[in-house]
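Undergrad: To start, I am sharing the structure in question, which I have written as structure tokens.
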Amino acid sequence: MDTYTYPKSRELFARAAKVIPGGVYGHLGPAEGCFMPIDAYPLFSSRASGPYFWDVDGNRFIDYMCAYGPNVLGYNDPDVDAAVAEQLKDGNCVSFPSPKLVELGELMVDTVDMADWAFFAKNGGDATSFSLMIARAATGRKKVVLTRGGYHGVAPWTQKAGHPGVTPEDVANNLYVEFGDYEALERLFAEQRGQIACFMSTPYHHPVFEDSRLPPDGYWKKVRELCTREGVVLAIDDVRCGFRLDVRGSDAHYGFEADLECFCKALANGWNISAVCGKDWLRDAAGSVMYTGSYWLSAAPIAAAIACISKMREMDVAKVCAGKGRKLTDGLVAASRRHGFDLRVTGEPAMWFMRQSDDPDFVLHQAWVAECVRRGVFFTNHHNLFINAALSDDDIAFTLEVADEAFAQVAKADPREAGRRG
Amino acid sequence: MVDPTTTARVNLFAVLRTLEGLPAVDAEARAIAAGRRETIQFVVGGVGRARLAIGDGTIAFHPGGGPSTITLWFPKPEALNAMFAGTGNPIPLKGLTKIGYLKGPFTKLTDRLSHYLRPSPELLADEGYRKANAELSLHTAFYALSEIGNSDPDGKLNAGRMADGGIHIAVNGGPSLSVVAKGGRLETRKGATPENRARMAFSGVEEAGQLLRGELSSYLAIGTGKLSLGGYTPSIDHMNKILGLVPRYLS
């Protein structure tokens, strides 16, 4: 199998570096994206369709990052994009919202089990920050309990003390527990009684670098009861998992009901919109918080969300993605074993995490992922991966062929020692 | 915010230590090192002790106290920092008759170090200077990094997040160092160590110098392959947060 090279990506990166800090910043960039070694990776895409993107050098990739989640139906989904095109004929960013806003609110309330109302913004971080403000407005308390390693965006309160641009005051009201440790949460609530506004968590734990952790049996039921008893708002950050696990919301998937639930990513198949859904008792608090943005009520992404949710419901996208995810990950694990490796897969099948066992420093995994990328299968090293509904059996078969060849390549020369030495 | 105790630790255990590498790149330093043998002990209140042994053609840095021919006392961290800033003088406790050595050869050595650590466009036009600047800056920056990780409030937070193990900082065709974390404390060592779990490799001395002088951003260096990373990435991520604090203490 031929391997890819990326001369045009490199040329474009050199141009980018002159006018954009870091060239490509954030999670799509080579540093945060952990592109190791860098020469295995493209840096710019030229187009995308279904489960694929093509880089600026014309190389095709099956994309298992799905734009880090938004691509749930397949890039350029015809139904979603047609809804956007239709809306654009009427208008997009206007001084008054379109009736589509109400239509989407009604659809969210009808789709998401816990939702009595819905509020729309742009990014996942808008939704989590708004949720925290709602909880504070409703309870008159200021502290928030988060899980260690959980990700809730890039606002200063979501970051770590000691990181650039973050002051101690930004995170002074944050308290942390391990995900899934109910007893620790109960103790913390008792120690801080009357001070905690909100417990915010992802529905299952999907940090970077570490295995994903599903909630222990009975965990969420007990947490729900504890939050109710202590008057703490239970906010689920469903930005990454939302709709991929269950169109009714990931709280419904795990058998409980959140007070607030944040959505983004799969909400509109890549069109820019996020949402917070809430319970009735938080409606007034939500209305009292001044929170808005220039493009938050633009009609085209709202039209995209309506089309996307409708299609996800119709096809039962969560079931589709879980099935494809199981088939793929079973095949990847089998491929690893054929070459004497042990690929460990954790999390939910539609957005699994993988690493090599007996590889505490990630050297084998980074080498294997690089070989896959060079052959047209885009994984990242240390973030969870994503399945989209457009992925075909042929795509899975091709991926497994690539994975097998990549394992063979890594097996030829064990990179562990060299990796440690540099 | 710059913490005076951390600044003093950086001055004592990173900047002063860099004198070790000076004879290898500078003829005047070699001549001084080949002269009279002296051991200068620095005693800094609230920080600790260190000694510089100059003679026999070398300069050796020894953390901690011990025998010396000259002992200089600094009652508090700020006093050491004032000497490094050129606004204060030490109190000699031993070797009162050797003030001439301090004002002469030793001052010449520190001037030569400043020459290499404070580049100008004119100096950087010379390839040999650029190489010396890069190697000595690398040494200073990564020894300073451990002091900052062990002392600065933000540095300690980030060092505390690093898993036990080392990061190998290597320059293709140049020196290498390791930053080793254990129990949230950092130690910089020369060369590779068995504890290393991750690597940060510069493609050459030139690229290392560009990055350390701020002429090349780390993100751009990573994107262009001038700086390659690998292995246990979370530790690199936390260490880089401390590396970002180094210019505050060395500027």
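Undergrad: Is there a quick way to get the dipole size of chain A? I mean about its Cα centre, with the Cβ of Lys and Arg at +1 and of Asp and Glu at -1; what is the value in debye to the nearest 20?
TA: Working: 44 positive and 56 negative charges, 160 e Å.
About 760 debye.
Undergrad: Put a dot 7 Å past each Cα toward the Cβ at B:His62 and A:Lys222; how far apart are the dots in nm?
TA: If labels sit at A:Lys222 and B:His62, their model points lie 5.8 nm apart.
Undergrad: Most mobile of A:Ala397, A:Ala138, A:Ala300 per a Gaussian network model of chain A (Cα springs, under 10 Å)?
TA: Result: A:Ala397 has the largest fluctuation of those listed.
Undergrad: Pick out, in residue order, every one of the GluC sites (Glu not before Pro) in the range B:152-233 that is DSSP loop and has at most 14 other C-beta atoms within 10 Å; say none if there are none. Before the final figure, lay out each step's value.
TA: Values: sites: B:Glu187, B:Glu195, B:Glu206, B:Glu207, B:Glu215; in loops: B:Glu195, B:Glu215.
Answer in residue order: B:Glu215.
Undergrad: Okay, which of the range B:211-234 sit inside 20 Å, backbone N to the point 7 Å along the Cα-Cβ direction of A:Asp39?
TA: B:219-231
Undergrad: Provide the gained length on full extension for the span A:Gln195 to A:Asp81, in nm with one decimal, where the gain is 0.36 nm per separating residue minus the Cα-Cα distance.
TA: Working: separation 114, 0.36 × 114 = 41.04 nm, distance 4.59 nm.
Length gained, A:Gln195 through A:Asp81: 36.5 nm.
Undergrad: Tell me which of A:Thr167, A:Ala258, A:Pro216 sits at the most positive position along the dipole axis of the range A:117-259, charges placed on C-beta atoms (Lys, Arg +1; Asp, Glu -1).
TA: Value computed over the given set: A:Thr167.
Undergrad: Roughly how many nanometres apart are two label points built 7 Å out from the Cα toward the Cβ at A:Arg248 and A:Lys89?
TA: 3.7
Undergrad: Work through the residues other than B:Ile54 whose Cβ is under 15 Å from its Cβ and net out their charges, Lys, Arg +1 and Asp, Glu -1.
TA: Working: positive: B:Arg17, B:Arg30, B:Arg36, B:Arg37, B:Arg51, B:Lys98, B:Lys103, B:Lys108, B:Arg112; negative: B:Glu20, B:Asp26, B:Glu28, B:Glu38, B:Asp56, B:Asp111.
That sum, taken over residues with Cβ under 15 Å, equals +3.
Undergrad: Tell me, what are the semi-axes, in whole angstrom and largest first, of the equivalent ellipsoid of chain B as set by the roots of 5 times the Cα gyration tensor eigenvalues? The partial results should precede the final answer.
TA: On the way: eigenvalues 179, 93, 50 Å².
Semi-axes from the Cα gyration tensor: 30, 22, 16 Å.
Undergrad: Net charge near A:Lys324: determine it from the other residues with C-beta under 14 Å of the C-beta of A:Lys324, scoring Lys and Arg +1 and Asp and Glu -1. Let's see the in-between values first.
TA: Numbers: positive: A:Arg244, A:Lys319, A:Arg326, A:Lys327; negative: A:Asp63, A:Asp316, A:Asp330, A:Glu348, A:Asp393, A:Asp394, A:Asp395.
Spelling it out: positives minus negatives among the neighbours equals -3.
Undergrad: While we're here: What lysines could a cross-link reach from A:Lys221, if we take a straight Cα to Cα line under 20 Å and drop same-chain neighbours fewer than 8 places away?
TA: Straight-distance partners of A:Lys221: A:Lys279.
Undergrad: Going Cα to Cα from B:Lys98, which lysines come in below 25 Å? Please leave out same-chain ones fewer than 8 positions away.
TA: Filter leaves B:Lys76, B:Lys108.
Undergrad: Tell me the mean residue ellipticity at 222 nm calculated for chain A from its helices only (DSSP H runs of n ≥ 4, each -39500 (n - 2.57), averaged over every residue, nearest 500).
TA: It lands at -12000 deg cm²/dmol.
Undergrad: Tell me the label-point distance for the pair B:Ser203, A:Arg283, using the 7 Å Cα-to-Cβ offset, in nm and rounded to one decimal.
TA: 6.1
Undergrad: Same structure, new question: Quick one: what Rg and Dmax do you get for the range A:158-281 from the alpha carbons, in Å?
TA: Here Rg and the maximum Cα pair distance are 15.1, 43 Å.
Undergrad: Here's another thing I want to ask about it. Give me the net charge of A:Ala286's neighbourhood, meaning all other residues with Cβ under 12 Å from the Cβ of A:Ala286; Lys, Arg count +1, Asp, Glu -1.
TA: Working: positive: A:Arg136, A:Lys279, A:Arg283; negative: A:Asp116, A:Asp259, A:Asp280, A:Asp284.
Neighbour charge sum, excluding A:Ala286 itself: -1.
Undergrad: Skip the ligands, DNA and RNA, and give the accessible area per residue of chain A with a 1.4 Å probe, whole Å².
TA: Details: 17190 Å² over 422 residues.
Averaged over the residues of chain A, the accessible area is 41 Å².
Undergrad: Considering the options A:Asn272, B:Val180, B:Ile222, tell which one lies farthest towards the positive end of the dipole of the protein assembly as shown, charges being +1 on Lys and Arg and -1 on Asp and Glu at the Cβ, about the Cα centre.
TA: Farthest towards the positive pole: B:Val180.
Undergrad: Also: Calculate, in nm to one decimal, what A:Glu11 and A:Arg229 gain on full extension: separation in residues at 0.36 nm each, minus their alpha carbon distance. Could you put the intermediate results ahead of the total?
TA: Working: separation 218, 0.36 × 218 = 78.48 nm, distance 5.87 nm.
That works out to 72.6 nm of additional length.
Undergrad: Springs between alpha-carbon atoms under 10 Å, Gaussian network over chain A: tell me which of A:Arg47, A:Arg375, A:Arg213 tops the mean-square fluctuations.
TA: Per the Cα network of chain A with a 10 Å cutoff, A:Arg47 tops the list.
Undergrad: Show me the trypsin sites (Lys or Arg not before Pro) within the range A:136-196 that DSSP assigns to loop and that have at most 13 other Cβ atoms within 10 Å of their Cβ.
TA: Those satisfying the criteria are A:Arg148, A:Arg193.
Undergrad: Could you work out the helix-only [θ] at 222 nm for chain B, with each DSSP H run of four or more residues adding -39,500 (n - 2.57) and the total divided by the number of residues, to the nearest 500 deg cm²/dmol? Provide the component values of the computation, followed by the final result.
TA: On the way: 12 runs with 106 residues, N = 251.
Calculated at 222 nm, the ellipticity per residue is -12000 deg cm²/dmol.
Undergrad: Quick one: P(r) of chain A from all Cα-Cα pairs, 20 Å bins, percents rounded to integers, in order of increasing distance.
TA: P(r) for chain A, in whole percents per bin: 26, 57, 18, 0.
Undergrad: Once you charge only the Cβ atoms, +1 for Lys and Arg and -1 for Asp and Glu, what is the size of the charge dipole of the range B:121-250 about its Cα centre, to the nearest 20 debye? Write down the numbers at each step before the final one.
TA: Values: 14 positive and 14 negative charges, 85 e Å.
That gives the range B:121-250 a dipole magnitude of about 400 debye.
Undergrad: With both bridge residues required to lie in the protein assembly as shown, what share of the DSSP beta bridges run antiparallel, to the nearest 5%? Mind showing how you got there, number by number?
TA: On the way: 55 of 82 bridges.
Once the DSSP bridges in the protein assembly as shown are tallied, antiparallel ones form about 65 percent.
Undergrad: Could you list the residues of the range A:157-178 with an amide nitrogen less than 16 Å from a label point located 7 Å from the Cα of B:Met1 in the Cα-to-C-beta direction?
TA: Residues passing the 16 Å test: A:161-172.
Undergrad: Follow-up question, since we're still on this one. Quick one: dipole size for the range A:245-361, taken about the Cα centre, charges +1 on Lys/Arg Cβ and -1 on Asp/Glu Cβ, in debye to the nearest 20. It would help to have the intermediate numbers written out before the result.
TA: Values: 14 positive and 15 negative charges, 106 e Å.
Dipole magnitude for the range A:245-361 comes out near 520 debye.
Undergrad: Once the piece of chain linking B:Lys190 and B:Ser251 is laid out straight, how much longer is it, given 0.36 nm per residue of separation minus the C-alpha distance between them? Intermediate results must be reported in sequence, preceding the final value.
TA: Working: separation 61, 0.36 × 61 = 21.96 nm, distance 2.34 nm.
Computed gain between B:Lys190 and B:Ser251 is 19.6 nm.
Undergrad: Calculated FRET efficiency, A:Trp117 and B:Ala82, Cβ-Cβ r, R0 45 Å, to nearest 0.05?
TA: 0.10
Undergrad: Right, something else. Near B:Lys190, which lysines are there with a Cα under 23 Å away, not counting those fewer than 8 places off in the same chain?
TA: Answer for B:Lys190, where 23 Å is the Cα cut-off: B:Lys131, B:Lys156, B:Lys182, B:Lys226, B:Lys241, listed by chain and number.
Undergrad: Something else now. Set the Förster radius R0 to 41 Å, insert the Cβ-Cβ distance between A:Tyr295 and B:Lys182 as r into 1/(1 + (r/R0)^6), and round the FRET efficiency to 0.05. Spell out each step's value before the answer.
TA: Numbers: r = 49 Å, r/R0 = 1.20.
Working from the Cβ atoms, E equals 0.25.
Undergrad: Which of the GluC sites (Glu not before Pro) found in the range A:181-212 are loop residues per DSSP with 14 or fewer other Cβ atoms within 10 Å of their Cβ? Provide the component values of the computation, followed by the final result.
TA: Values: sites: A:Glu183, A:Glu186, A:Glu191, A:Glu210; in loops: A:Glu210.
Listed in order of number, the matching sites are A:Glu210.
Undergrad: Continuing with the same structure: Considering protein heavy atoms only and a 1.4 Å probe radius, which residues within the range A:25-65 exhibit an accessible-area decrease of no less than 40 Å² in the full assembly relative to the chain by itself?
TA: Buried-area filter returns A:Ala31, A:Met36, A:Ile38.
Undergrad: Provide the FRET efficiency to the nearest 0.05 for the B:Arg118-A:Asp342 pair, computing r from the beta carbons and using R0 = 56 Å.
TA: On the way: r = 53 Å, r/R0 = 0.94.
Computed FRET efficiency for B:Arg118 and A:Asp342 comes out at 0.60.
Undergrad: Let me ask something else. Just the number, please: percent antiparallel of the DSSP beta bridges in the range A:78-314, rounded to the nearest 5.
TA: Numbers: 10 of 24 bridges.
Antiparallel bridges make up about 40 percent of those DSSP assigns within the range A:78-314.
Undergrad: Over both sides of the B-A contact, add up the buried accessible area with a 1.4 Å probe and give it to the nearest 100 Å². Could you put the intermediate results ahead of the total?
TA: Numbers: alone 11360 and 18240 Å², together 27520 Å².
Interface between B and A: roughly 2100 Å².
The values are calculated or read from the model by the stated rules, or taken from the named source; none is laboratory data. This one's a predicted model, so the numbers in the text were calculated from it and none came from an experiment. For neighbour counting, all protein chains shown are included, and Cβ atoms are generated from backbone atoms with ideal geometry for every residue, glycine included. Note: accessible area is taken over every heavy atom of the protein model, side chains too, but ligands, DNA and RNA are not part of it. Shrake-Rupley method; radii C 1.70, N 1.55, O 1.52, S 1.80 Å.
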